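As structure tokens, the structure follows; a few thoughts come after it.
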Amino acid sequence: MEEAESLKLSNQICFPIYSLSKEVVNQYRPFLDQLDLTYPQYLVMLVLWESDGVTVGNIGDKLALDTGTLTPLLKRLEAKEMIHRKRSAEDERIVLISLSEKGKNMKDLACKIPNQMKQKFDLTDEEILSLKQIIYKILNSKTSK
């Protein structure tokens, strides 16, 4: 491919991925609005619904977010009374995050979202699996180089 051709937007791998990411978040919005959650807050809640009572560092590792990004997000979830933040008694540098009753009770409503999203995108289970495999292959390639 000649150099000028390689710089065309239509030849970039990044642009369709970027556009897809924005579109997916936009499609989640109506469902998350019902829960009074932003998309990043939803991701934190997913981590907590899977494993309640984890550290900020654990959440950051799972979501690939640093504490500077997570701290304000967690403070907003705490202000909404969805989580509790508590410093570890053994090491005050460690902050433990756990679900409040309100946060626990949201799980039942949130359980409907994955299927609603699947219907919105009209994808088969096989297509979803294939897409996820490609995405994880790209994400994992950064660590293997």
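Considering each of Lys86, Lys80 in turn, give the residue that is within 18 Å of Ile113 (Cβ to Cβ) and basic (Lys, Arg). Talk me through it step by step, then tell me what you get.
Details: Lys86 fails: within 18 Å of Ile113 (Cβ to Cβ).
One residue alone meets the criteria, Lys80.
Residue-wise test of (1) touching a residue at least 12 places away in the same chain (Cβ under 8 Å); (2) over 22 Å from Lys118 (Cβ atoms); (3) under 12 Å from the mean Cα position of the chain (by Cα).
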{"site": "Glu23", "(1), (2), (3)": "no, no, no"}
{"site": "Gln34", "(1), (2), (3)": "yes, no, no"}
{"site": "Tyr42", "(1), (2), (3)": "yes, no, yes"}
{"site": "Met45", "(1), (2), (3)": "yes, no, yes"}
{"site": "Asp52", "(1), (2), (3)": "yes, yes, no"}
{"site": "Thr55", "(1), (2), (3)": "yes, yes, no"}
{"site": "Ile59", "(1), (2), (3)": "yes, yes, yes"}
{"site": "Thr67", "(1), (2), (3)": "no, yes, no"}
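For Lys62, state whether it is outside any loop (DSSP other than H, G, I, E, B), exposed (fewer than 15 other Cβ atoms within 10 Å of the Cβ), in contact with a helix residue (DSSP H, G or I) (Cβ under 6 Å, 6 or more places away or on another chain) and not polar (S, T, N, Q). Talk me through it step by step, then tell me what you get.
Values: outside any loop (DSSP other than H, G, I, E, B): yes; exposed (fewer than 15 other Cβ atoms within 10 Å of the Cβ): no; in contact with a helix residue (DSSP H, G or I) (Cβ under 6 Å, 6 or more places away or on another chain): yes; not polar (S, T, N, Q): yes.
So Lys62 does not fit the description; no.
Here are some residues: Leu74, Leu99. Which one is surrounded by 12 or more Cβ atoms within 10 Å (Cβ to Cβ), within 15 Å of Leu48 (Cα to Cα), of a type in the set (A, V, I, L, M, F, W, C) and in contact with a Leu (Cβ under 6 Å, 6 or more places away or on another chain)? Reasoning before the result, please.
On the way: Leu74 fails: in contact with a Leu (Cβ under 6 Å, 6 or more places away or on another chain).
Testing whether each residue is surrounded by 12 or more Cβ atoms within 10 Å (Cβ to Cβ), within 15 Å of Leu48 (Cα to Cα), of a type in the set (A, V, I, L, M, F, W, C) and in contact with a Leu (Cβ under 6 Å, 6 or more places away or on another chain) leaves just Leu99.
Can you give me the number of residues within region 79-92 that are surrounded by 10 or more Cβ atoms within 10 Å (Cβ to Cβ) and either over 12 Å from Val44 (Cα atoms) or in contact with a Cys (Cβ under 8 Å, 6 or more places away or on another chain) (or both)?
Keep residues of region 79-92 that are surrounded by 10 or more Cβ atoms within 10 Å (Cβ to Cβ), which gives 80-88.
Narrowing the set further to residues that are either over 12 Å from Val44 (Cα atoms) or in contact with a Cys (Cβ under 8 Å, 6 or more places away or on another chain) (or both) leaves 80-81, 84-88.
Residues in region 79-92 being surrounded by 10 or more Cβ atoms within 10 Å (Cβ to Cβ) and either over 12 Å from Val44 (Cα atoms) or in contact with a Cys (Cβ under 8 Å, 6 or more places away or on another chain) (or both): 7 in total.
Among the listed residues Lys137, Lys120, which satisfies the condition of being in contact (Cβ under 8 Å) with a residue 40 or more places away in the chain and in a helix (DSSP H, G or I)?
Details: Lys137 fails: in contact (Cβ under 8 Å) with a residue 40 or more places away in the chain.
Unique residue meeting the criteria: Lys120.
Where a number appears in this text, it was derived from the coordinates with a stated rule and is not lab data. Since the structure is predicted, the reported quantities are computational estimates derived from the model, not experimental observations. Cβ atoms come from the backbone with ideal geometry, glycine included; neighbour counts cover every protein chain shown.
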